[in-house]
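What follows is one structure encoded as structure tokens, with my remarks underneath.
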Amino acid sequence: MTTTAPSHVYYFEVGTGVWRGTFTFRVTSWRRFLRAREIGAKNRLLVIAMCVAQWLTGTPRLDSTIVAKPREGDFGEADNTVRLSKFGATLYLLQERYVLDADGRKVIVHADEQFGPVPKVLARTFTYPAEIRETGMASTYHMPLLGTAWTATYQVAADRRTLAGQLVCDWAEATEKAARIPAAGGTTGDRP
């Protein structure tokens, strides 16, 4: 499939490959966090554990691998595996399948999430919408995380090698900064 649809640019040209960077998380309003009834006890404990772990050990490492599948589905798909880790231990694992809409912008994301290094203990499956913006150089995801609604916005740098993301909800925010790792044998990393 050769097209200039924003979603094809974002996932098939810019995003495909291995990305590495950092992830930060902080509660911006403990009052709103404690008053939010929809969060639930399990998610409250996860939030507190994330804050304590980051305070004790520092910023976790982010690894993301995007695999383009332009011939799957009606308008293409892509898979993404995101891993947050510290000292080699998995803190968070997210496996996503992006199903691209024929309008070239909308995306449905099917996600499997796991907190911690033990599979299937703190895990769930969910679906959420996304939209690719600005000719394929930016995106917005509407994600249900930690018992509340989050909006995640990502912006690709003009060099197509770095990405900055901000995730926000009513009581917290997170940031992602990542750079594409050059493909094996590659020297520039422009296209994996």
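For (1) open to solvent by 20 Å² or more (accessible area, probe 1.4 Å); (2) at pLDDT 95 or above; (3) within 18 Å of Trp19 (Cβ to Cβ); (4) part of a strand (DSSP E or B), each residue gets a yes or a no:
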site	(1), (2), (3), (4)
Ala78	no, yes, yes, yes
Thr81	yes, yes, yes, yes
Leu94	no, yes, yes, yes
Tyr98	no, yes, yes, yes
Asp103	yes, yes, no, no
Val109	no, yes, yes, yes
Glu113	no, yes, no, yes
Lys120	yes, no, no, no
Pro129	yes, yes, no, yes
Within segment 11-55, residues of a type in the set (S, T, N, Q) and over 30 Å from Arg71 (Cβ atoms) come out as Thr22, Thr24, Thr28, Ser29, Asn43, Gln54
Exercise. Kindly indicate whether Tyr141 is in a strand (DSSP E or B), open to solvent by less than 60 Å² (accessible area, probe 1.4 Å) and within 20 Å of Met50 (Cβ to Cβ).
Key: yes
Filtering segment 134-186 down to residues that are touching a residue at least 40 places away in the same chain (Cβ under 8 Å) and of a type in the set (Lys, Arg) yields Arg160, Lys177, Arg180
The one condition Ala174 fails out of (1) farther than 28 Å from Arg37 by Cα; (2) among the small types (Gly, Ala, Ser); (3) open to solvent by less than 50 Å² (accessible area, probe 1.4 Å); (4) at pLDDT 95 or above is (1)
| What about Ala183, is it hydrophobic (A, V, I, L, M, F, W, C), in a loop (DSSP other than H, G, I, E, B), open to solvent by 40 Å² or more (accessible area, probe 1.4 Å) and touching a Pro at 6+ places or on another chain (Cβ under 7 Å)? | yes
Based on what the data block shows, is Gly15 out of contact with any strand residue (DSSP E or B) (no Cβ under 7 Å at 6 or more places or on another chain), small (Gly, Ala, Ser) and either open to solvent by 50 Å² or more (accessible area, probe 1.4 Å) or closer than 25 Å to Ala164 by Cβ (or both)? no
Those residues of segment 21-33 which are surrounded by fewer than 19 Cβ atoms within 10 Å (Cβ to Cβ) and either touching a Lys or Arg at 6+ places or on another chain (Cβ under 7 Å) or at pLDDT below 95 (or both) amount to Thr22
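The values are calculated or read from the model by the stated rules, or taken from the named source; none is laboratory data. All figures in this text were calculated on a predicted structure; none of them were measured in a lab. Counting neighbours? That spans all protein chains shown, and the Cβs are built from the backbone with ideal geometry, glycine included. The accessibility values were calculated without ligands, DNA or RNA, using every heavy atom of the protein model including side chains. Shrake-Rupley method; radii C 1.70, N 1.55, O 1.52, S 1.80 Å.
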